[in-house]
1. Hey, among the residues in region 55-80 that are part of a loop (DSSP other than H, G, I, E, B) and farther than 16 Å from ILE179 by Cα, which one's most open to solvent (accessible area, probe 1.4 Å)?
2. List the helices (runs of 4 or more DSSP H) inside region 98-204, counting only whole elements, that have at least 3 residues being over 24 Å from THR76 (Cα atoms).
3. If only one of ALA188, ALA204, ALA118, ALA147 is open to solvent by 50 Å² or more (accessible area, probe 1.4 Å), of a type in the set (A, V, I, L, M) and without any contact (Cβ under 8 Å) to a residue 40 or more places away in the chain, which one is it?
4. Evaluate the following for ASP141: is it farther than 24 Å from THR175 by Cα, acidic (Asp, Glu), surrounded by 14 or more Cβ atoms within 10 Å (Cβ to Cβ) and more than 14 Å from the chain's Cα centre (by Cα)?
5. For region 81-95: of the residues being within 15 Å of the chain's Cα centre (by Cα) and open to solvent by 50 Å² or more (accessible area, probe 1.4 Å), which is nearest to VAL36 (Cα to Cα)?
6. Does LYS125 satisfy the condition of being open to solvent by 50 Å² or more (accessible area, probe 1.4 Å), closer than 21 Å to ASN47 by Cβ, touching a Pro at 6+ places or on another chain (Cβ under 9 Å) and touching a residue at least 40 places away in the same chain (Cβ under 8 Å)?
7. Name the residues in region 36-54 that are exposed (fewer than 15 other Cβ atoms within 10 Å of the Cβ) and closer than 21 Å to ASP183 by Cβ, would you?
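The values are calculated or read from the model by the stated rules, or taken from the named source; none is laboratory data. All values derive from a computational prediction rather than experimental measurement. Because the Cβ atoms are built from the backbone with ideal geometry, glycine has one as well, and the counts that use them run over all protein chains shown. Just the protein is used for accessible areas: all its heavy atoms, side chains included, with ligands, DNA and RNA removed. Shrake-Rupley method; radii C 1.70, N 1.55, O 1.52, S 1.80 Å.
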Amino acid sequence: MIDRRNFLTLAGVAAGSTLILPTASLAEVDISPDAVFHDPVAPAIGNPDGDITLVEYFDYQCPYCKSNHPVVEKVTREDGNLRVVMKDWPIFGAPSVYASQLVLGAQSMGKYKEGLEALMATEGKLSNDLIDKTLSGAGVDPDKAMAGYKANRKKIDALLSRNDAQAVAIGLRGTPAYIVGRDVYPGAVDADTLRKAISDARKA
């Protein structure tokens, strides 16, 4: 865990910093709590009215994202009052981008959760063909999902760009990465760590 009283203050640092990142200036990236926890385009699972939000930056080809997904689901179900914001950060290449496009496009069909769960249950690297077959098997038509992406391309592409810029500005080095309250948890985390993070955020 990166202990950041830091995280909330990073919003202030970003607003006035002249540090240059490889892809953007920190001054150009909004990593305020509202921007990170409440992006209106980023899909949320769990309790939409939950009192605590867990943010996850993930990639559908990341083995640790996939192996840790059941842990996130378990804690979300147990808690009942947790909102989980899924931030696609497709850093493992073209198939990752394609997977994000299709699953985000599937929102227009009301099939986001089905797409998310199906791809998170895959093993190893993905190809476009495997992505299509996996989604089809979960009842998500890849052609309709792509049509949903194309119909909302400007909005979805902007979301993916924001997610990337935020991840870099926050200092994330890879996926998965979780944010709860003021703390950033890089890498896979166990259920007890998540439970404690959520409990601590409620007390803050």
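1. Within region 55-80, the match that is most open to solvent (accessible area, probe 1.4 Å) is GLY80.
2. Values: elements: 112-120, 128-137, 142-151, 153-170, 191-203.
By residue number, 128-137, 142-151, 153-170.
3. Values: ALA188 fails: without any contact (Cβ under 8 Å) to a residue 40 or more places away in the chain; ALA118 fails: open to solvent by 50 Å² or more (accessible area, probe 1.4 Å); ALA147 fails: without any contact (Cβ under 8 Å) to a residue 40 or more places away in the chain.
Only one candidate qualifies: ALA204.
4. yes
5. Checking each candidate, the answer is ILE91.
6. Values: open to solvent by 50 Å² or more (accessible area, probe 1.4 Å): yes; closer than 21 Å to ASN47 by Cβ: no; touching a Pro at 6+ places or on another chain (Cβ under 9 Å): yes; touching a residue at least 40 places away in the same chain (Cβ under 8 Å): yes.
No: the conditions fail for LYS125.
7. HIS38, ASP51
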